[in-house]
Amino acid sequence: MPKHRAPRYAFTALLTAVALVTAGCGSSPNATKPAAGESRITVFSGATGTVAENFNPFSSTAIQASRGMIYETLFYYNLMSSDGPKPMLATAYKWNANGTELTVTTREGVKWSDGQPFSAADVAFTFNMIAKTPSINTTGLAATAKATGPNTAVLTFKQTSFISEANVLGNTAIVPEHLWKSKDPATDINHDPVGTGPYTVARFTPESFEMKKNPAYWNTGKPKIDKVSFITLASADAATSALVKGEVDWMSAFLPSIDQLLKGNKDLSWVNTPALTTSLFACSNAALGCKGPQTDVAVRQAIYAALDREQLNKLAFSNVAGVASPTLLVPGRDDDWMTPKVEKTVPQQPDTTKADSILTQAGWVKGSDGIYAKDGQRLTMTIQVVSGWSDYISAIDAMTQQLRKAGMEIKSTQISPNEWNTRETKGNYQLSMNSLGLGPSTDPYFTYEGKYWSKNTAKVGASAGANPSRYANPAVDAAIAAASKTNDETVKKQQYAIIQENIARDLPYIPIVLNSTLTEFNTSRATGWPTKDNLYSFPATWKAWDSGIVVQNLTPVK
């Protein structure tokens, strides 16, 4: 099930999909039967239990389908591609020379699902509402907006803000002023949502959720699927069973030996989209209170060298994980952003000789039991992991043997998701198994700013926010700041090269693999799903905005 597959900040959105408490959607007394000639798909989003109604796209507990199927952004950013943004509610945008003013041209002929016309005034209202409501301004957007014409909105920033482009254009739901001017965007659950998207709410109860296509949708001829039903299932086994039985058409779940599981079923297909880097997060900064051998950069470098990632992929990840990069970017997609001074990919085979050399040169001495020690401190570390994350637990079991060969001892502690998150955020850990990636666009800034900028961390005991490693490096800070102030890709690459050289050496997050994101489809009721050769979107059911793109590309099977 999707757990650590998504970044930590996406957990809530992922788990607040919809609810239908059953082991198979076909048997639910709450499910409605399709009318004659009606096309429908059923989606499992990985959620369990019942759900409270919340269609507020600015809420951290919003029903995920509200972002993309009901509400839309100005542009769409496909994280599977290095291509530029695709026009949605806007058709063009332009910055002024110093990056303090962004002019957006909105699409003509768009209507809200209640029949009212959409205009640039709605865009201006949305951004002004966010600016006035700090609790929903999760990206720190510092802009005011004004509609200078029916199809022109101008956003004005307090300082150079080129780097805000992706969040403004591709990560903000545009809402109708005529309805939201009387709502509290911080608390309103937005009953009976009105959006510009391809679907509207047809039926909602705490046990089921259904959408019907918006007949007035601006993208003529789309969508072609009449209804989309979302369900939850009791367990991974129930999800597998529902998929094989043909009761689910679209789901994103890690299914071990997926080739064998789906072999011979002509109606089932799947796609793997590795994009998040599974890593060992290290509480790395002794000056901020981190304790343990992992605060020594030599230890982190030795771990990096000693891992047998090929074996880990085979034993823990069913050979479907991708090859990670020490830059924390995605090889292939992000090659143009990578400096040639850093290896593009992490080593797949272990180099214990190199690990031994690194530790010895750093003053570590191997004891009679084969484990290194220094200044009376044994090279023993604890890795925390969430109970039930079977692939991560298997990976740690294998790492235990791999690192012992290099003179390092690790122990695993399995804890609840809340405790795991709290320990990581507060810095009360040594190593933590987690993943990172997936910003609003493929610009590396969104990986580096969160995880490596020292302004995003704090002393152990205080909440570190996005930088739980407590990493602080003045050269990296300066490069991140410089990259945030330019729209020149050549300058950005120069700054990212500085960052990459430093983080590949310091390794506050030790990359292991590109975590697999498996998404499964049933083609008996709909075709046009994303494929390996046509990744027109990131297909995971839990991904905001992308679901609205996927459903528009589907064609019902007659």
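Of note:
- Checking SER59, SER81, SER135 one by one, the residue that is surrounded by fewer than 19 Cβ atoms within 10 Å (Cβ to Cβ), in a loop (DSSP other than H, G, I, E, B), polar (S, T, N, Q) and under 23 Å from the mean Cα position of the chain (by Cα) is SER81 and no other.
- Residues in segment 255-271 that are within 18 Å of ASN319 (Cβ to Cβ) and among the hydrophobic types (A, V, I, L, M, F, W, C): LEU255, ILE258, LEU261, LEU262, TRP270, VAL271.
- Considering residues of segment 333-366 that are acidic (Asp, Glu) and in a loop (DSSP other than H, G, I, E, B) only, the residue farthest from the chain's Cα centre (by Cα): ASP351
- Conditions (1) touching a Pro at 6+ places or on another chain (Cβ under 9 Å); (2) within 30 Å of THR352 (Cβ to Cβ); (3) not aliphatic (A, V, I, L, M): number failed by SER441: (2)
- Listed conditions (1) in contact (Cβ under 8 Å) with a residue 60 or more places away in the chain; (2) assigned to a helix (DSSP H, G or I); (3) not charged (D, E, K, R) are all met by THR126, apart from (1).
- Residue check: GLU165 meets all listed conditions (1) at pLDDT 95 or above; (2) not in a helix (DSSP H, G or I) but one, namely (2).
- Selection status of LEU507, modelled with pLDDT under 95, within 19 Å of PHE281 (Cβ to Cβ) and outside the structural domain of LYS263 (by TED's automatic domain parsing): no
- Residues of segment 359-388 that are touching a Phe, Trp or Tyr at 6+ places or on another chain (Cβ under 9 Å) and hydrophobic (A, V, I, L, M, F, W, C): LEU359, TRP364, VAL365, ALA373, LEU379, ILE383, VAL385, VAL386.
- Number of the condition not met by THR200 [criteria: (1) in a loop (DSSP other than H, G, I, E, B); (2) out of contact with any Phe, Trp or Tyr (no Cβ under 6 Å at 6 or more places or on another chain); (3) crowded, with 19+ Cβ neighbours inside 10 Å; (4) at pLDDT 95 or above]: (1)
The values are calculated or read from the model by the stated rules, or taken from the named source; none is laboratory data. Note that the structure is predicted; figures quoted are calculated from it, not measured. FYI the Cβ positions are ideal-geometry reconstructions off the backbone, even for glycines, and counts take in every protein chain you see.
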